[in-house]
Structure formats: C-alpha cells, structure tokens
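The structure under discussion appears below in the form of structure tokens.
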Amino acid sequence: MSRSPTIDLTHPYMEELLRHRRMWEKKPAVRKMYRRWYAMIVQRLCPAGPTVELGCGCGNFKEYYPQALATDSFATPWCDRTADACNLPFDAASVGNLVLFDVLHHLGVPTAFFEQACRVLAPGGRVVIIEPAVGWFSRLIYRYCHHEPVDAGADPLCTVPPPRAPADFANTIAATILFDRRLDEFAARFPALRVVERRWFSSLSYPMIGGFRRFCLLPAWAVAPAAAAEDFLIQRLGLKGLAMRMLVVLEKSP
C-alpha cells in the first residue's frame, strides 16, 4: 500500500509547512497539547490496520504514531504517499482506520470523502476526526481571531463543490454542522458509518498557546492542568458551548 512520493519542494504550501515544522520544534506547549490530542485519536483506533492519516501536514501525528501511513494531497518530506481524500487510492475494504486532523473543514464536498470511507474501510474500521467546534464562545474567536472563514449557511452535505472554491478552501464550522446541527441527516445519508462518539473539548488553552504562531501565553507545564479544568467544565458540567474542538468517531457497519 505504501509508495514513496517524489517530494515537491516547489509547491506553494511547502513554505507554510516548513514554518509549521519550525514552530512545532520550538514550542513545547504546542507539542504538549497536540500530543494529548493525538493520544485521544490513538485510543479510539480499531485494532485492525493499516491506519491512514489524510492531510498529514508537517508529519506531527506520524511522529507520535509511527505505524500510521501518512498521506497528503501533494508530495512532502513527511508523507509516505499522496492521496486525495475524495478519491482515495486504496482497495475496497482494505483500510482499518482513517485519521483526519483539521482536514475535514478543508474539503469542499465532505460527502465525497465519506463515500470513499464507506468503500475503503474494512467492516469495523473507523474514521477518527478532530476538528474545530463552533459554539457560542468559540464562534467569536474563530470569526475574529482566526484566518479561516466561518460560513454557517454552507451545506457540507452538498454533492457539488462551492462555486469558485479556492484551492485553500476552508469552512471552520463544517464539522459542527455535520455532527451536531445536522447529525440525523448525516446518519440517514451514510447509514454504514455509525457515530460511535462525539466529544467536545479544549477552550481558552487552545488560543493561548498561539498555535503555530510565534507567541505563547501558556507554558508547557500548564497545558495538562488547563486541559483537565476545561474537560471538567465542558464534559462534566455540560458546557459544550465553551469548546473549541470536537472529536468524532465513526465506525463502518459489519
């Protein structure tokens, strides 16, 4: 299944990936937070392999979980092979897990990916997704402090791409629409993909670390206690409107 790609150092997004990798190496708070999230993903993988990561970026998940087959839409130093999420180059029922971290909201037609997931996943195989969660609190931050748009009127269950969709298309609210506001419609559209889990998590700690920007207001030692406090507020007290992240686990029916 693995095929090493020819690295495309001229791709217009390569500079951004290199910048992200430099920030990853320089900011321990970012590594601490993301590795907590990667652990959440790995804990939810089905035991069957292989595990395919889509949109691997600068290779951070594979660094945490080397067993993953890292793919991206173009050849990079961190991917094992190229793969289009909406036209997966894998045989039917040949994949154990599909991992998407901040990838789904970049797909102009998410339904095309889920159709591919139904095809390539083996029975009992899983799709594990981490995406932005857009609620009453996070909407303000995503809308005014984040570079990607929040289009609540978009239809992520559409079957055709948005008109004049740019190559760097994004809609931060896509997963919230699919797996919160329109979950029943998603379930009816893809009955082979059972929703095993939806989990809202992470709040102010996420913007405080600054992501892959230079600033950081939360030291690495504070990441774990901040995450525990946020989990208490969001999950124990049911304040999911505070969450800036959501995890979704789908499982293919036998």
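Consider PHE90 carefully, then state whether it is modelled with pLDDT of 95 or more and either touching a Pro at 6+ places or on another chain (Cβ under 7 Å) or not in a helix (DSSP H, G or I) (or both). When the stated conditions are applied, PHE90 passes them.
Annotation: GLY135 fulfils all but one of (1) outside any loop (DSSP other than H, G, I, E, B); (2) buried (at least 17 other Cβ atoms within 10 Å of the Cβ); the unmet one is (1).
Taking the conditions exactly as written (of a type in the set (D, E, K, R) and crowded, with 19+ Cβ neighbours inside 10 Å), does ASP80 satisfy them or not? Taking the combined requirement at face value, the residue satisfies it.
Scanning segment 95-112 finds no residues that are more than 17 Å from the chain's Cα centre (by Cα) and open to solvent by 10 Å² or more (accessible area, probe 1.4 Å). Residue selection: MET40 satisfies the criterion of being at pLDDT 95 or above and not hydroxyl-bearing (Ser, Thr, Tyr).
Consider LEU242 against the criteria (1) under 18 Å from TYR142 (Cα atoms); (2) out of contact with any helix residue (DSSP H, G or I) (no Cβ under 6 Å at 6 or more places or on another chain): it satisfies all of them except one. Which criterion is unmet? Condition (2) is where LEU242 drops out. Looking for whichever is out of contact with any Gly (no Cβ under 7 Å at 6 or more places or on another chain) and farther than 18 Å from GLU230 by Cα here; the options are ALA133, ALA175, ALA122. Which one fits? None of the other options fit; the residue is ALA175.
Checking ASP168, ASP180 one by one, the residue that is at pLDDT below 95 and of a type in the set (Asp, Glu) is ASP168 and no other. Restricting ARG199, ARG182 to those that are of a type in the set (Lys, Arg) and closer than 18 Å to ARG35 by Cβ reduces the list to ARG199.
Considering segment 113-126, the residues that are outside any strand (DSSP E or B) and touching a Cys at 6+ places or on another chain (Cβ under 8 Å) include one that is least open to solvent (accessible area, probe 1.4 Å), namely PHE113. You will find that of ARG189, ARG139, the residue that is at pLDDT 95 or above and among the basic types (Lys, Arg) is ARG189 and no other.
The values are calculated or read from the model by the stated rules, or taken from the named source; none is laboratory data. Just so we're clear, the structure is a prediction, and the values are computed from it rather than from any experiment. Here the Cβ is made from the backbone with ideal geometry for all residues, glycine too, and neighbour counts use every protein chain on show. Remember, those area values only see protein heavy atoms, side chains included, never the ligands or the DNA or RNA. Shrake-Rupley method; radii C 1.70, N 1.55, O 1.52, S 1.80 Å.
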